[in-house]
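Enquirer: Quick one: the structure is below, questions incoming.
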There are 2 protein chains.
Amino acid sequence: MYRFDIVHSSSKSKARAGVLHTPHGPIHTPVFMPVGTQATVKGLSPDQIKQTGAQVILANTYHLMLRPGATCIDLHQGLHRFMNWPYPILTDSGGFQVFSLSNQCRIFDEGVQFKSHLDGSYHDLNPQKVVDLQKAFRSDIMMPLDICSGYGASFQQVQADLEKTHAWETTACQYWQALQTPQWLFGIVQGGTYPELRRQSAEYLSGYPFAGFAIGGVSVGESRQQLEEIIGFTAPLLPDLKPKYVMGLGLPENLLFAIQEGVDLFDCVLPTRLARHGQVFIQGKRVNIKRAEFEFDLTPLDPNCACYTCQHFSRAYLRHLFKAKELLSQTLLSIHNVYTLVHFVDHLRQEILSGNL
Amino acid sequence: MYRFDIVHSSSKSKARAGVLHTPHGPIHTPVFMPVGTQATVKGLSPDQIKQTGAQVILANTYHLMLRPGATCIDLHQGLHRFMNWPYPILTDSGGFQVFSLSNQCRIFDEGVQFKSHLDGSYHDLNPQKVVDLQKAFRSDIMMPLDICSGYGASFQQVQADLEKTHAWETTACQYWQALQTPQWLFGIVQGGTYPELRRQSAEYLSGYPFAGFAIGGVSVGESRQQLEEIIGFTAPLLPDLKPKYVMGLGLPENLLFAIQEGVDLFDCVLPTRLARHGQVFIQGKRVNIKRAEFEFDLTPLDPNCACYTCQHFSRAYLRHLFKAKELLSQTLLSIHNVYTLVHFVDHLRQEILSGNL
């Protein structure tokens, strides 16, 4: 049922266009995936998400295990029915959130113990449990427990984290294979900003039968140059016949770069987070809708955009909603931002197919 | 273009079913109108509002004159295009808000001066200006400036307020007629809880060629019995061939009572306000979605409801969204609550037509 087909490989760059087949439909790659951390893309109904052109969304294991809990989602036969999104879903492992969000966190060889940021309760996670949770979620693509070293961590620290990450991912991969679930599990390459560690990680993980590979530990504070170095160095080391995913990337310039390095999948909270602060994409630029110049502006956000928001509302109306702190502001601005990123990547896919990228 | 046709009058009560024709389409009465104070029904896109079955919505002159201002809405050729709602709109005069929301308020013979609750700026309103504002808004039904006496005000106070209200409404009516705008202007009956003053007000205003009549100054703190006394006494005093509107009514039991007294139009913030606090209508009762018993409840809010929310989401999911403070919670709960009230009144209309009410 799962299959990744590369439809066209560019002769001008490493870019490729593909189709990732899942039980919930195909994903045409390269693709941008909006984030629905708590089983909702903030402010959008499933209909509205679909209207942005999104093919697949992300949800987060850390958040969902704490609330509403795996039992509740399992009872709904998984996330798709729980949130009424019948299309593909990828779930992040929650590793990143364990280290960034929880109040306390202790790392053992077998896994981590952490204190919930919601109510202070203690929880354990280990590689097997993280797969089990995502099995209950029925996500189409699962991610294994890993350690995302903080930006600026020393070589020794990153190396130690990487060793544990590899052990956990090996366990996860073996556990996943024994389960014989149809869901896919990806491996996650770590290694911070150290090329040698990135190479070690890519080579080590490539030896395991993961269904695809992600580059983690980026978009955590590094410069654009460092980001490009990591992606440009690591992506080509991953098996070309499997999907490649860079986690947490949402700026158009970064997406363009990574796609040319052969990356297929992207996710980011950027479009909905920007919307919450009134920031919108207008012809490639980020602009705040609060600006006084929009007070009487009858034109749509972006005259070339075909999203629901641009087809039906003026900048003046959107500015009014934002200033009046109306909920509809977040919804309409998010629709535009998500649509913009989804279609930016779709457009690059067309450029690959027509031999221009 | 405007016309009010009574299609059927009940033989069992004063209830009637009618059609109010407007340039933006017909309104089948009796009807419940959701409130979109700031040119948005909180949390709902125009598509979502329409899907609730709403035929007409309310907006508020006080809020809109302050933000975004009449100039902005006028530039959009009115509220319909501004908020992308091509169906009928009724605008409240803002009289109620001037007295309840503004920081300071001085009443003169010619009108009122008040201080904005937004930025402390001073503004004047008078009967003519309130009509001019609504002319700029292009609302289908306009309301005149009035004074809504506080609940518990003395006979003398209410009488004095009423005298001023009548003078203002007379001015508004004459000004409106001279303008020759196709928009409709209603009169507003005041008089507090004093039958004698209500009678005076109804009789006085009936002498002017308003297009319809509203009963104001209810739902301001009085008991259900007092409310029913006011409506039961006042509604029959209004001209039967014109639409009758009770302002601010949203509880099903109150709507049922008023419809049997011949009232045609209702509005209330209740369905969206309740949703904000997690309160939903379930088979006639108000229930909080937070309840622990809903944690694993896979059934829809109301198994007999055909709204988007009930067709697609479980109580467990809606509880999760509310507890996680997700924006989508307000949207989905509002859709259900608005749908419920709109269809409750629609159902009563069918009962009138089939001779059961």
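Just so it is clear, none of the values below were taken in a lab; they were calculated from the coordinates. Predicted model, so just to flag it, every value in this text is computed and none were measured. Please note: Cβ atoms are built from the backbone with ideal geometry, for glycine as well, and neighbour counts cover all protein chains shown.
Enquirer: What nm distance separates the two modelled labels at A:Q157 and B:T299, each placed 7 Å from Cα along Cα→Cβ?
Expert: Going from the A:Q157 label point to the B:T299 one covers 5.4 nm.
Enquirer: In the range A:88-130, which chymotrypsin sites (Phe, Trp or Tyr not before Pro) fall in coil by DSSP and have 11 or fewer other Cβ atoms within 10 Å?
Expert: Sparse-neighbourhood loop chymotrypsin sites (Phe, Trp or Tyr not before Pro): A:F108.
Enquirer: Take every residue in peptide B:290-297, count the Cβ atoms of other chains within 10 Å of its Cβ, and give the average of those counts.
Expert: 2
Enquirer: Tell me, A:S10, A:S102, A:S93 in order of fewest to most beta-carbon neighbours within 10 Å?
Expert: On the way: A:S10 18, A:S102 22, A:S93 29.
The fewest-first ordering by Cβ neighbours comes to A:S10, A:S102, A:S93.
Enquirer: Cα to Cα, under 28 Å, and not fewer than 8 places away if on the same chain: which lysines meet these conditions relative to A:K323?
Expert: A:K42, A:K50, A:K285, A:K290, B:K42, B:K50, B:K115, B:K129, B:K135, B:K323, B:K325
Enquirer: Now a separate question. Fewest to most neighbouring Cβ within 10 Å: what's the order for A:T171, B:T340? Walk me through the numbers before you get to the answer.
Expert: Values: A:T171 19, B:T340 25.
Placing the least packed residue first, the sequence is A:T171, B:T340.
Enquirer: Across peptide A:40-46, what mean number of C-beta atoms from other chains lies inside 10 Å of a residue's C-beta?
Expert: Partner-chain Cβ atoms within 10 Å, mean over residues of A:40-46: 6.
Enquirer: To the nearest Å, what is the center-to-center distance of the range A:91-119 and the range B:1-46, using C-alpha atoms only?
Expert: Cα centres, the range A:91-119 to the range B:1-46: 54 Å.
Enquirer: Across peptide A:324-337, how many C-beta atoms of other chains are within 10 Å of each residue C-beta, on average?
Expert: Working: counts 10, 1, 8, 11, 14, 1, 2, 8, 3, 0, 1, 1, 0, 0.
For this peptide, the per-residue mean of nearby foreign Cβ atoms is 4.
Enquirer: Taking R0 as 35 Å, what FRET efficiency do you get between A:A178 and A:D119 from their Cβ-Cβ distance, rounded to the nearest 0.05?
Expert: On the way: r = 34 Å, r/R0 = 0.96.
E between A:A178 and A:D119, to the nearest 0.05, is 0.55.
Enquirer: Given Cβ point charges of +1 (Lys, Arg) and -1 (Asp, Glu) and nothing else, what value in debye, to the nearest 20, does the dipole of chain A about its Cα centre take?
Expert: Here the size comes out at about 820 debye.
Enquirer: Gap in Å between the Cα centre of the range A:53-81 and the Cα centre of the range B:56-86?
Expert: Measuring centre to centre over Cα atoms gives 40 Å.
Enquirer: Relative to the longest principal Cα axis of chain A, at what angle does helix A:224-234 sit, 0 to 90 degrees, rounded to 10?
Expert: It works out to around 50 degrees.
Enquirer: Starting with the fewest neighbours, write out B:S314, A:S9, B:S219 ranked by other beta-carbon atoms found within 10 Å of each beta-carbon.
Expert: A:S9, B:S219, B:S314
Enquirer: Something else about it: Compute the angle between helix A:327-353 and the longest alpha-carbon principal axis of chain A, please, reported from 0 to 90 degrees and rounded to the nearest 10.
Expert: Approximately 70 degrees, to the nearest 10.
Enquirer: Further, regarding this structure: If I model a spin label at B:L241 and B:H277 as a point 7 Å from the Cα along the Cα→Cβ vector, what separation in nanometres do I get?
Expert: Between B:L241 and B:H277, the label points sit 4.4 nm apart.
Enquirer: May I ask for the angle, rounded to the nearest 10°, between helix A:155-179 and the longest principal axis of chain A, with both axes built from Cα atoms and the value confined to 0 to 90°?
Expert: Tilt relative to chain A: about 90 degrees.
Enquirer: Considering only chain A, pick the residue with its Cβ nearest the axis of the rotation onto chain B, and state the distance in whole Å.
Expert: Spelled out as residue then distance in Å, it is A:L327, 3.
Enquirer: Apply 1/(1 + (r/R0)^6) to the Cβ-Cβ distance of B:F233 and B:L256, taking R0 = 25 Å, and write down the FRET efficiency to the nearest 0.05. All intermediate terms of the calculation are to be shown ahead of the outcome.
Expert: Values: r = 18 Å, r/R0 = 0.70.
With R0 = 25 Å, the Cβ-Cβ based efficiency is 0.90.
Enquirer: I would also like to ask the following. Before anything else, pin down the relative contact order of chain B: Cα pairs under 8 Å, at least 6 apart, normalised by residue count, whole percent.
Expert: Numbers: 717 pairs, mean separation 66.9, N = 357.
It rounds to 19 percent for chain B.
Enquirer: So how compact is the range B:1-75: Cα radius of gyration and Dmax in angstrom?
Expert: Radius of gyration, then largest Cα-Cα span, for the range B:1-75: 15.6, 49 Å.
Enquirer: A follow-up question, please. Sketch the reach of a paramagnetic label on A:Q51 as a point 7 Å from Cα along Cα-to-Cβ, and name the residues of the range A:258-289 whose backbone nitrogen lies under 17 Å away.
Expert: A:272
Enquirer: Now, a different point. Based on alpha-carbon centroids, what's the gap between the range B:282-317 and the range B:222-281 in Å, whole number please?
Expert: 26
Enquirer: Scaled to the compact-protein estimate 2.2 N^0.38 Å, what is the alpha-carbon radius of gyration of chain B, rounded to two decimal places?
Expert: Scaled against compact globular proteins, the figure is 0.98.
Enquirer: Still on this structure, please answer the following. Taking only the C-alpha atoms, wrap a convex hull around the protein assembly as shown and report its volume per residue in Å³ as a whole number.
Expert: Output value, Cα hull per residue: 168 Å³.
Enquirer: Still on this structure: Label 7 Å along Cα→Cβ of A:C105; the range A:141-180 residues with amide nitrogen under 17 Å?
Expert: Answer for the range A:141-180: A:143-154, A:157-169.
Enquirer: Would you mind calculating the relative contact order of the range B:91-247 from Cα pairs under 8 angstrom and at least 6 residues apart, reporting the percent as a whole number?
Expert: Relative contact order for the range B:91-247 comes out at 19 percent.
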